[in-house]
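Novice: Before anything else, here's the structure in question.
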Amino acid sequence: MSESAEFDVESWERELERNREEKDEFFGSHPHSPIPTEEREDFEGLVYFEPDPEYRVTATVHLTDEDDEDVYRMETSTGGEQRYLKVAELEFELDGETHTLAGYRQEGEERESLFVPFRDKTTGQQTYGAGRYMELEAEGDLADGQEVPIDFNLAYNPFCAFSDAYACPLPPEENWLETTIEAGEKDWD
């Protein structure tokens with residue numbers, strides 16, 4: 001794990017557990033929960049891998065030149081498509097190997113965060129078969145060569161994992177990792 005000395009594992013783990021408890025509360029009772037109303041009474045919480053700081057890595061940002069931003073027509077779980085711009089590539093090391101994930105913004109969106117959909121070797125086995133998502137929250141504008149943390153412990157299932165009422169973008173092939181990411185949400189079924 002390439003982290004600075006200031007990383008406090010105990011605080012990180014407490015914050016991660018708090019985040020998971022809040023999410024379970026939302027999914028179990030909120031009117032906007034993706035879990036169908038008739039199933040919420042039996043909902044006992046999402047299933048997660050144990051928190052593992054080894055899956056919190058430092059990535060180097062490689063920005064896409066705005067003139068070269070490609071529009072990706074990501075297929076969705078319902079057979080449609082959504083349009084995204086590839087904003088950056090995030091290069092990181094995990095288990096001694098270098099990997100890259102693309103970060104996107106939905107076309108027309110002005111958000112600072114990057115949408116990072118991905119698949120890995122747990123997809124369809126231990127995790128949702130269509131892949132999982134992460135949001136990379138940037139503090140200000142991203143800079144080329146900037147180092148940012150990516151925490152796979154925050155990887156989550158899209159709403160379509162819980163209900164067919166949602167159209168979720170599927171991770172493009174460039175974000176299919178040839179490694180095992182045993183972190184974040186597991187398949188909930």
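Novice: Set the Förster radius R0 to 22 Å, insert the Cβ-Cβ distance between Glu178 and Glu54 as r into 1/(1 + (r/R0)^6), and round the FRET efficiency to 0.05.
Specialist: Efficiency computed from Cβ-Cβ geometry: 0.80.
Novice: If we restrict to alpha carbons, what Rg and Dmax does the range 95-157 come to, in Å?
Specialist: 13.1, 37
Novice: Still on this structure, I have one more. Probe of 1.4 angstrom, ligands and nucleic acids ignored: what's the accessible area per residue over the chain, in square angstrom?
Specialist: Value for the chain: 56 Å² per residue.
Novice: How long are the semi-axes of the ellipsoid equivalent to the chain, from square roots of 5 times the Cα gyration tensor eigenvalues, in whole Å, largest first?
Specialist: 26, 22, 15
Novice: Looking at the range 82-137, which trypsin sites (Lys or Arg not before Pro) are DSSP coil and have at most 13 other C-beta atoms within 10 Å of their C-beta?
Specialist: Taking the range 82-137 and a limit of 13 other Cβ atoms within 10 Å, the loop trypsin sites (Lys or Arg not before Pro) found are Arg111.
Novice: Once neighbouring chains are kept in place and the probe is 1.4 Å, which whole percent of the accessible area of the range 41-189 is contributed by carbon and sulfur?
Specialist: 39
Novice: Which of rounded, prolate or oblate describes the range 37-102 when judged by the alpha-carbon gyration tensor and an a/c cut-off of 1.5?
Specialist: Oblate, because a/c is 1.5 or more while a/b does not exceed b/c.
Novice: Could you give the length gained on full extension between Glu17 and Tyr166, defined as 0.36 nm per residue of separation minus the Cα-Cα distance, in nm?
Specialist: 51.0 nm
Novice: Specify the residue with the greatest mean-square fluctuation among Asp42, Asp164, Asp144, computed from a Gaussian network of the chain linking alpha-carbon atoms under 10 Å apart.
Specialist: The residue with the greatest mean-square fluctuation here is Asp42.
The values are calculated or read from the model by the stated rules, or taken from the named source; none is laboratory data. No experiment lies behind these values; they were computed from the predicted model shown. Neighbour counts are summed over all protein chains in view; Cβ atoms, including those assigned to glycine, are modelled from backbone coordinates with ideal geometry. Remember, those area values only see protein heavy atoms, side chains included, never the ligands or the DNA or RNA. Shrake-Rupley method; radii C 1.70, N 1.55, O 1.52, S 1.80 Å.
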